[in-house]
Amino acid sequence: MAMAMASSMVAVFSLRIRLLHWLLAGSVILAMLTHHGGAVHEASGWIALAAAMLRIALGFLGQGGERFAAFVTGPRRILGHAWLLAKGRAPRHLGHNPLGAAMVVALLALALVAGASGTLYVTDRFWGEGWVIALHAASAWPFAALIPLHLAGVLHASRAHRENLPAAMIHGRKRTR
């Protein structure tokens, strides 16, 4: 039985993707918990920025499913998937579904903007600049709002397709069917 189960599993998320995912998630959560600033906030922001930049680099230069071209789709497919989801007929995807792919892009973009603006804010040149502070907040608040939506999407897809997506982001495998 265990042998049959193992043979029906396929690698979907590379170790690099999984490590960057959890590093980004942990550092963003820590940055949000320490949002009033300080050394921990800055360090977690630097880590989040580095993880986001590495993930974006993998999106263009990585292999197979790491590449954005492997899972990012256009608005028509995203809206079509959302329509099917609303009707309770969204198909299972081995990798990211179109809404999940859009979430990946949105979260990475916001992490990049939040990290870059936070980095600018602590430089002598931009210290106290209102537009830098506003940009940092304008990226942090939507990021905070998208996190529960991301988690809800993961939980919904896990339940709808009877698979444990958080576990797949730990061990990297999903069942083939």
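The values are calculated or read from the model by the stated rules, or taken from the named source; none is laboratory data. Note that the structure is a prediction, hence the values are computed from the model and not measured. Ideal geometry is used to build each Cβ from the backbone, glycine not excepted, and the neighbour counts take in all protein chains shown. Calculation scope for accessible area: heavy atoms of the full protein, side chains included, ligands and nucleic acids excluded. Shrake-Rupley method; radii C 1.70, N 1.55, O 1.52, S 1.80 Å.
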- Message: Using the Karplus curve 6.51 cos²θ - 1.76 cosθ + 1.60 with θ = phi - 60°, what ³J(HN,Hα) values do you get for each residue of the stretch 134-141, in whole Hz, with x for Gly and Pro?
- Response: 5, 5, 4, 5, 5, 9, 6, 5
- Task: Could you go through the stretch 96-113 in sequence order and give the Karplus-derived ³J(HN,Hα) for each residue, using 6.51 cos²θ - 1.76 cosθ + 1.60 with θ = phi - 60°, rounded to whole Hz, and x for Gly and Pro?
- Result: 6, 7, x, 5, x, 5, 4, 5, 4, 4, 5, 5, 5, 4, 5, 5, 5, 5
- Item | Structure-derived log10 I(q)/I(0) by the Debye sum over Cα atoms at q = 0.08, 0.15, 0.16 Å⁻¹: which label, when the choices are [x] -0.33, -1.16, -1.29; [y] -0.29, -0.91, -1.01; [z] -0.23, -0.83, -0.95 | [y]
- Note on the structure: So, with points 7 Å from each Cα along the Cβ direction, the residue 173-residue 155 label distance in nm works out to 2.8 nm
- Put +1 on the Cβ of every Lys and Arg and -1 on every Asp and Glu Cβ in the stretch 30-170; which of 46, 154, 36 then has its Cα farthest towards the positive end of the dipole? 154
- Whose amide H sits under 5 Å from the amide H of residue 14, counting only residues 5 or more places off or on another chain, with H placed in the peptide plane? none
- Note on the structure: Karplus-derived 3J(HN,Hα) from phi for the stretch 163-177 (6.51 cos²θ - 1.76 cosθ + 1.60, θ = phi - 60°), whole Hz, x at Gly and Pro, runs 9, 9, 5, x, 5, 4, 7, 9, 9, x, 10, 9, 6, 5, 10
- Message: Taking the solvent-accessible surface of protein heavy atoms with a 1.4 Å probe, what is the per residue accessible area of the chain in Å²?
- Response: 62 Å²
